[in-house]
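Asker: Submitted below is the structure of interest, expressed as structure tokens.
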Amino acid sequence: MADQTHFTRPEVRGFLDTLAAMNGPPITEMSLEEARAGYLALHTMADRPARELAVIKNVTCPGPAGDIPLRIYDARENREAGPVVMFYHGGGFVIGDLDTHHNLCTELAAELDLPVVAVHYRLAPEHPYPAAVDDSEAATRWVASSPDELGSECTGIITFGDSAGGNLAIVIPQALAAQPAEVPVLVQVPVYPLTSDITDTQSLKDFDDGYVLTAVTVDFFDRSYAGNREDSRAFPILGELANSPPTVLATASLDPIRDSGREYAAKLNENGIDVTYLEMEGITHSFLNLRQVLPSAHEDTMAIIAATKAMLEKHT
């Protein structure tokens, strides 16, 4: 259970106590439908309302196993040529979708003042590794080609994702470094990403239960996704890091997968990559989608957005 010795913001402690009092079943005792509905319900309840935007539209692009659902967000009806944010949702490769991260994507589009294209890749366990990678790469290459559906010319890509999506926000730039798309990846923004095998990490031991994401859930996602532990497309810390784009990386101090993000940021630094590393103290995994019940999580999100703007301005 949650260890009181770790600094926890008072509002976070209250939220964790509320979750504990609800005494919900572990994900291993739910059906996939129940787990996915519960994830959406949590975000619907806990996240700030969606921002109003000039453009929110659902489209599809061709993928390796059929059409891939996408959602385009833009604060402007008409836009000059410029960068596009590719957003890959979290949920352990198992329970997320376009709706679970809809409110967050409206916030990103409004505050970054850039088009955001959210990708709904195929989910495990029905579609295990590397389905999520294959779909996300195909969608990113499609957006890089400035399709008519985008409504403006794409001059560069910013990859942005949380948790499992944070993994993809790193894996896709590695793929596009090895085989370039029509435009480059300008900046990558992984937020509490899984980058490596975390089996023996201290953070997994310290925050195994009672901090939103549990060790039981991490194990369930791992077994469902079935990523190859020797393949950089599953664990991108194994990839060619010297070719990585400038990076804004954020972790949460009370997160079982925190150490994976820390280790990856350190490796990027060793390889000479420009990295802004933000560790949000006293808060948990999933804070990007807890901004209504945890007002300080919204401040953390704005800090990530500000760092992304600064990194983009520096390198373009």
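Asker: On the given criteria, is Asn58 polar (S, T, N, Q), outside any strand (DSSP E or B) and surrounded by fewer than 15 Cβ atoms within 10 Å (Cβ to Cβ)? If you could, list the steps in order and put the result at the bottom.
Answerer: Details: polar (S, T, N, Q): yes; outside any strand (DSSP E or B): no; surrounded by fewer than 15 Cβ atoms within 10 Å (Cβ to Cβ): yes.
In short, no.
Asker: Checking Ala35 against (1) open to solvent by 20 Å² or more (accessible area, probe 1.4 Å); (2) small (Gly, Ala, Ser); (3) not in a loop (DSSP other than H, G, I, E, B), which test does it fail?
Answerer: That leaves (1) as the condition not met.
Asker: While we're looking at this one, here's another question. Go through segment 159-184 and count every residue that is touching a strand residue (DSSP E or B) at 6+ places or on another chain (Cβ under 8 Å) and either over 24 Å from Pro62 (Cα atoms) or open to solvent by less than 30 Å² (accessible area, probe 1.4 Å) (or both).
Answerer: Within segment 159-184, residues that are touching a strand residue (DSSP E or B) at 6+ places or on another chain (Cβ under 8 Å) and either over 24 Å from Pro62 (Cα atoms) or open to solvent by less than 30 Å² (accessible area, probe 1.4 Å) (or both) number 17.
Asker: Let me ask another. Determine if segment 65-83 includes at least one residue that is closer than 25 Å to Leu213 by Cβ, open to solvent by less than 30 Å² (accessible area, probe 1.4 Å) and acidic (Asp, Glu).
Answerer: So far as segment 65-83 goes, no, none of its residues is closer than 25 Å to Leu213 by Cβ, open to solvent by less than 30 Å² (accessible area, probe 1.4 Å) and acidic (Asp, Glu).
Asker: Just give me the residues in segment 63-111 being among the small types (Gly, Ala, Ser), free of Cβ contacts under 8 Å to residues at least 40 places away in the same chain and not in a loop (DSSP other than H, G, I, E, B), in sequence order. Steps first, answer last, please.
Answerer: Step one: filter segment 63-111 for residues among the small types (Gly, Ala, Ser), giving 63, 65-66, 75, 81-82, 90-92, 96, 109-110.
Going one step further and asking which of them are free of Cβ contacts under 8 Å to residues at least 40 places away in the same chain, we end up with 66, 75.
Correct list: Gly66 only.
Asker: Still on this structure, I have one more. Mind telling me which of the residues Ser224, Ser232, Ser253 ends up being surrounded by fewer than 24 Cβ atoms within 10 Å (Cβ to Cβ), over 16 Å from the mean Cα position of the chain (by Cα) and part of a strand (DSSP E or B)?
Answerer: Details: Ser224 fails: part of a strand (DSSP E or B); Ser232 fails: part of a strand (DSSP E or B).
Answer to the selection: Ser253.
Asker: So which pairs qualify, if the first residue must be in segment 259-284 and in contact (Cβ under 8 Å) with a residue 60 or more places away in the chain, the second must be of a type outside the set (A, V, I, L, M) and part of a strand (DSSP E or B), the Cβ gap must be under 8 Å, and the two must be at least 6 apart or on different chains?
Answerer: Gly261/Pro190; Gly261/Thr251; Tyr264/Pro190; Glu281/Ser253; Gly282/Ser253; Ile283/Ser253
Asker: Do you know which residues across segment 307-316 are open to solvent by 10 Å² or more (accessible area, probe 1.4 Å) and either assigned to a strand (DSSP E or B) or polar (S, T, N, Q) (or both)? Outline the logic, then answer.
Answerer: Our first condition is that a residue be open to solvent by 10 Å² or more (accessible area, probe 1.4 Å); within segment 307-316, this holds for 307, 309-310, 312-316.
Across segment 307-316, the qualifying residue is only Thr316.
Asker: Something else now. Is it true that some residue in segment 273-282 is modelled with pLDDT of 95 or more and assigned to a helix (DSSP H, G or I)? Can you show your working first?
Answerer: Initially, segment 273-282 is screened for residues modelled with pLDDT of 95 or more, giving 273-282.
Retained after the next criterion (residues that are assigned to a helix (DSSP H, G or I)): none.
No; the residues of segment 273-282 include none that is modelled with pLDDT of 95 or more and assigned to a helix (DSSP H, G or I).
Asker: Give the residues of segment 15-48 that are small (Gly, Ala, Ser) and either touching a residue at least 40 places away in the same chain (Cβ under 8 Å) or within 19 Å of Phe220 (Cβ to Cβ) (or both), sorted by residue number. Quick ask: steps written out before the conclusion?
Answerer: Here is the first cut: in segment 15-48, the ones small (Gly, Ala, Ser) are 20-21, 24, 31, 35, 37-38, 41, 46.
Of everything in segment 15-48, those that are small (Gly, Ala, Ser) and either touching a residue at least 40 places away in the same chain (Cβ under 8 Å) or within 19 Å of Phe220 (Cβ to Cβ) (or both) turn out to be Ala20, Gly24, Ser31, Ala35, Ala37, Gly38, Ala41, Ala46.
Asker: Can I ask one more? Does Gly82 satisfy the condition of being within 19 Å of the chain's Cα centre (by Cα) and at pLDDT 95 or above? Walk me through how you get there before you give the answer.
Answerer: On the way: within 19 Å of the chain's Cα centre (by Cα): no; at pLDDT 95 or above: yes.
No.
Asker: Find the residue count for segment 265-306, including only residues that are more than 15 Å from Asn103 (Cβ to Cβ), surrounded by 19 or more Cβ atoms within 10 Å (Cβ to Cβ) and out of contact with any helix residue (DSSP H, G or I) (no Cβ under 7 Å at 6 or more places or on another chain).
Answerer: So the count comes out to 3.
Asker: Sticking with this one: For the subset of segment 131-158 comprising residues that are without any contact (Cβ under 8 Å) to a residue 60 or more places away in the chain and open to solvent by 10 Å² or more (accessible area, probe 1.4 Å), which member is farthest from Asp74 (Cα to Cα)?
Answerer: If we take residues in segment 131-158 being without any contact (Cβ under 8 Å) to a residue 60 or more places away in the chain and open to solvent by 10 Å² or more (accessible area, probe 1.4 Å), then Glu137 is farthest from Asp74 (Cα to Cα).
Asker: Sticking with this structure for a sec: Would you tally the residues in segment 38-55 being surrounded by 12 or more Cβ atoms within 10 Å (Cβ to Cβ) and closer than 17 Å to Val116 by Cβ?
Answerer: Qualifying residue count for the region: 8.
The values are calculated or read from the model by the stated rules, or taken from the named source; none is laboratory data. None of these values were measured; they are calculated from a predicted model. Cβ: placed from backbone, ideal geometry, glycine included. Neighbour counts: every protein chain shown. Just the protein is used for accessible areas: all its heavy atoms, side chains included, with ligands, DNA and RNA removed. Shrake-Rupley method; radii C 1.70, N 1.55, O 1.52, S 1.80 Å.
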